[in-house]
C-alpha cells in the first residue's frame, strides 16, 4: 500500500511541477508566470517531499521532508509577493487582458507607501 501512495505522490508532484514549468514558459506576462510558479511549484515540490518521506520510511528523512515542505510554504508566498511588487514598481508591461489595477494612483514611489482605497461614494459590501 505504501508503494501505491508513493507512486501517486510522485506522479502528482511531477505533474504539478510540469504544469508550473509549462506555465512559466507559456504564460504571457510576469504576474501570470509568478502565479503559476508559486502555486503549482509549491504543491508539486511538497508532494515530492512527501513521496520521499513515505518511500524511505525513516524518521530522520521524514523530519527533513517536513522541514522542506515548511520551507517551501514559508518562502514561496514571500518570493512571489516580492516578484509581483518589483514588476509593478518597474512598470513591467502586463498582458492586455489584465485591465484592473487596484494600486493605480495610490502608490508613492518616493516614500514607498500606499494610500488606502477611496471608499467615498461606494456602497459597502
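Read the figures in this text as sums done on the coordinates, not as results from a lab. A quick note: this is a predicted structure, and the numbers were derived from the prediction, not measured. Because the Cβ atoms are built from the backbone with ideal geometry, glycine has one as well, and the counts that use them run over all protein chains shown.
A compact table of results
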quantity: Listed values [x] -0.56, -1.09; [y] -0.35, -1.18; [z] -0.40, -1.20, entry calculated as log10 I(q)/I(0) by the Debye sum over Cα atoms at q = 0.11, 0.20 Å⁻¹; calculated: [x]
quantity: Spherically averaged projected area of the stretch 23-69 from its Cα convex hull (nm²); calculated: 3.4 nm²
quantity: Three principal axis lengths of the stretch 1-51 [C-alpha, angstrom, descending]; calculated: 42, 14, 8
quantity: Descending Cα extents along the principal axes, the stretch 36-92, whole Å; calculated: 49, 16, 8
quantity: Two-site FRET efficiency, residue 26 against residue 83, from Cβ-Cβ distance with R₀ of 25 Å, rounded to 0.05; calculated: 0.90
